[in-house]
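Heads up, the thing below is written out as C-alpha cells.
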Amino acid sequence: QVQLVESGGGLVQAGGSLRLSCAASGSIISINAMGWYRQAPGKQRELVGVINNGGSTNYADSVKGRFTISRDNAKNTAYLQMNSLKPEDTAVYYCNADIRRTIYRPSANYWGQGTQVTVSS
C-alpha cells in the first residue's frame with residue numbers, strides 16, 4: 001500500500017506565495033520521478049513540474065521562473081514552492097510519483113487526492 005498526501009493549499013492574494021508538500025508513505029523501496037499537476041475548472045489536467053531522482057527538473061512554460069519543485073528523499077516528500085501567484089494558477093494541485101514498492105515488481109504510478117489552490121485578484 002502506497003499513499004500520497006498533498007498539503008499546503010489555500011487562499012492567497014495575487015503576487016503571494018504558497019508551498020505545497022506531497023508526502024509518500026507505505027512500503028517504498030525507491031521513488032523515481034515525482035511531479036506536480038494541476039486541473040483548473042473546465043480544463044484538462046496539466047503538468048506543472050517534475051523532478052527526477054537525480055534532482056533535475058522540468059516545468060511548464062506558464063510557471064517557469066515562478067515555481068520551484070524540490071524533494072527530500074529521506075522524507076519521501078516533494079515540494080512545490082509557488083511564488084508570484086496569479087489568478088490563473090487557481091486549480092486543484094495533484095502530486096504524482098513513480099514508486100518502486102518491491103524487488104519483485106516494476107515501479108508503478110500513484111496519485112494524491114489533490115489540494116486546492118485559490119489565487120484572488
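The values are calculated or read from the model by the stated rules, or taken from the named source; none is laboratory data. From a predicted model like this one, the values you see are computed outputs, not experimental measurements. Cβ coordinates were reconstructed from backbone atoms using ideal geometry, including for glycine residues, and neighbour counts include every protein chain displayed. Remember, those area values only see protein heavy atoms, side chains included, never the ligands or the DNA or RNA. Shrake-Rupley method; radii C 1.70, N 1.55, O 1.52, S 1.80 Å.
Data table
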quantity: Candidate set from region 29-44 (those that are open to solvent by less than 40 Å² (accessible area, probe 1.4 Å) and in contact with a Lys or Arg (Cβ under 8 Å, 6 or more places away or on another chain)); member that is farthest from Asn73 (Cα to Cα); calculated: Arg38
quantity: Members of region 55-72 found to be surrounded by 13 or more Cβ atoms within 10 Å (Cβ to Cβ), of a type in the set (D, E, K, R) and in a loop (DSSP other than H, G, I, E, B), listed by number; calculated: Arg66
quantity: Matching option when the condition is in contact (Cβ under 8 Å) with a residue 40 or more places away in the chain, part of a strand (DSSP E or B), open to solvent by 50 Å² or more (accessible area, probe 1.4 Å) and of a type outside the set (Ser, Thr, Tyr), among Leu47, Leu20, Leu11; calculated: Leu11
quantity: Some residue of region 71-88 being touching a Cys at 6+ places or on another chain (Cβ under 7 Å) and either at negative phi or of a type in the set (S, T, N, Q) (or both); calculated: yes
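To keep it simple, each residue is scored yes or no on (1) closer than 23 Å to Ala108 by Cα; (2) among the acidic types (Asp, Glu); (3) part of a loop (DSSP other than H, G, I, E, B).
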{"residue": "Val5", "(1), (2), (3)": "yes, no, no"}
{"residue": "Gly35", "(1), (2), (3)": "yes, no, no"}
{"residue": "Pro41", "(1), (2), (3)": "no, no, yes"}
{"residue": "Asn53", "(1), (2), (3)": "yes, no, yes"}
